[in-house]
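The values are calculated or read from the model by the stated rules, or taken from the named source; none is laboratory data. Note that the structure is a prediction, hence the values are computed from the model and not measured. A quick note on method: Cβ atoms are made from the backbone with ideal geometry, for glycine too, and the neighbour counts reach across all protein chains shown.
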Amino acid sequence: MAGIVVEGLFKKFGTTEALSGFDMEVAEGSVVGLLGPNGAGKTTAVRILATLARPDAGRATVGGHDVTVSPARVREIIGMAGQYASLDELLSGWENLYMIGRLRGLSRSLARSRAEELLGVMALLDVAQSTVKSYSGGMRRRLDLAASLVGDPPFIYLDEPTTGLDPASRLELWQIVSSLAKQGSTIVLTTQYLEEADRLADRIVVINKGRAVANGTATELKHRLGRQVIEARPAQQGDLEALGATLSRVTDNPVQLDTQQGLAMVRGASQADLARAATALAAAEIEVAELSLRLPSLDEAFLAITAPKEASEPPR
Ligand SMILES: Nc1ncnc2c1ncn2[C@@H]1O[C@H](COP(=O)(O)OP(=O)(O)OP(=O)(O)O)[C@@H](O)[C@H]1O
Ligand SMILES: [Mg+2]
């Protein structure tokens, strides 16, 4: 079965262009992290892939089925846990899952056993008979995820599944998603957390203002920026300014001084810059406690990619 192919999606709400030529490919059995800031178009893209919204232009297929031509076929093979959980507050966790199983066409006994199985996986057996109203945020997220898995769909969309969760609940959810991925599900995960994308996704698509502005593995994205960072820390805090001045003589890039941390930083540096810096600092007799060249963090990469001034000009 084919994975997910998205080509040139456009979607307008009034005058707001939520998607403006969005492209994405997800290989079958892989996890893609759709990473972008608020309003980037993540939920809109996922809703179109879930046949809950129609694109104005462009095309998307899931498992070979076109979302606008054969929405019913697409719905049969997907499960979605939304940014806004779609549970019935007045029913218990068990009743929610049983009802969805029946709606999905499972027999009574199958719906019952599937509900119990998923409540077990999500560690919700203790609260299975309590109304959802009484659930914590973490329990709701887990139940919502369980609801999306009732029909055992090969394609799973998770729209910001861990937003608002405490660190422990987030870790639990990550483990569940990892095990789904290991079982071969194809997963689209939207998130604003770089760490989450880094951890769960095989590939990351960075979306900004309705367009994919970068994609690759986390490491590729860090490399793609191609710019490394020199960090230099003087042994004596009082030497920081002199150290900064020396660095600015050997590189064309701006030198940033962090007086709080007693650190000088040069972004967009090369290995040759580092060698020149070492020589110049030695010549100036400035003793350094630390002098290093590192890749930008994923945070730095993400900020550079989505920074407003660069938004109109995606990197390479
Ligand atoms: N139903 C709607 N009616 C009007 N505008 C909408 C609608 N849905 C989305 N938008 C707008 O489209 C843009 C993209 O929204 P979308 O919800 O897809 O972003 P997102 O990446 O999911 O953001 P967030 O991280 O906040 O969830 C935003 O400017 C949003 O205000
Ligand atoms: Mg959203």
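Check the stretch 188-210 and report whether any residue there is more than 16 Å from ligand 1 (Cβ to nearest atom), among the basic types (Lys, Arg) and within 30 Å of residue 43 (Cβ to Cβ). For the stretch 188-210, residues more than 16 Å from ligand 1 (Cβ to nearest atom), among the basic types (Lys, Arg) and within 30 Å of residue 43 (Cβ to Cβ): present. For the stretch 37-53, a tally of residues being in contact with a Pro (Cβ under 9 Å, 6 or more places away or on another chain) and not hydroxyl-bearing (Ser, Thr, Tyr) returns 1. Of all residues in the stretch 61-76, those satisfying the criterion of being of a type outside the set (Gly, Ala, Ser), more than 18 Å from residue 22 (Cα to Cα) and surrounded by fewer than 19 Cβ atoms within 10 Å (Cβ to Cβ) are 69, 71, 73, 76.
Can you find a residue in the stretch 271-287 that is assigned to a strand (DSSP E or B) and modelled with pLDDT under 95? Among the residues of the stretch 271-287, not one is assigned to a strand (DSSP E or B) and modelled with pLDDT under 95, which makes the answer no. Put simply, of 67, 74, 31 the only residue that is aliphatic (A, V, I, L, M), touching a helix residue (DSSP H, G or I) at 6+ places or on another chain (Cβ under 7 Å), away from ligand 2 (no atom under 16 Å from the Cβ) and more than 21 Å from residue 208 (Cβ to Cβ) is 67.
Evaluate the following for residue 103: is it more than 18 Å from residue 207 (Cα to Cα) and modelled with pLDDT under 95? So residue 103 fits the description; yes.
Looking at the stretch 53-66 only, could you name the residues that are more than 16 Å from ligand 1 (Cβ to nearest atom) and part of a loop (DSSP other than H, G, I, E, B)? 63, 64, listed by residue number. Checking each residue in the stretch 210-246 for being out of contact with any strand residue (DSSP E or B) (no Cβ under 7 Å at 6 or more places or on another chain), touching a residue at least 60 places away in the same chain (Cβ under 8 Å) and not in a helix (DSSP H, G or I) picks out only 225. For the stretch 160-169, filtered to residues that are farther than 20 Å from residue 119 by Cβ and surrounded by fewer than 19 Cβ atoms within 10 Å (Cβ to Cβ), the residue that is modelled with the lowest pLDDT is 164.
Would you mind stating whether residue 175 is of a type in the set (S, T, N, Q), closer than 17 Å to residue 29 by Cβ and more than 15 Å from the chain's Cα centre (by Cα)? No, not satisfied. Among the candidates 31, 69, the residue that is among the β-branched types (Val, Ile, Thr), assigned by TED's automatic domain parsing to the domain that holds residue 86 and more than 23 Å from residue 201 (Cβ to Cβ) is uniquely 69.
Elements of the type helices (runs of 4 or more DSSP H) sitting completely within the stretch 87-185 and holding at least 2 residues that are within 16 Å of ligand 2 (Cβ to nearest atom): these cover 137-149.
Residues checked against (1) within 12 Å of ligand 1 (Cβ to nearest atom); (2) touching a residue at least 24 places away in the same chain (Cβ under 8 Å); (3) of a type outside the set (S, T, N, Q):
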residue: 9; (1), (2), (3): yes, yes, yes
residue: 18; (1), (2), (3): yes, yes, yes
residue: 44; (1), (2), (3): yes, yes, no
residue: 73; (1), (2), (3): no, no, yes
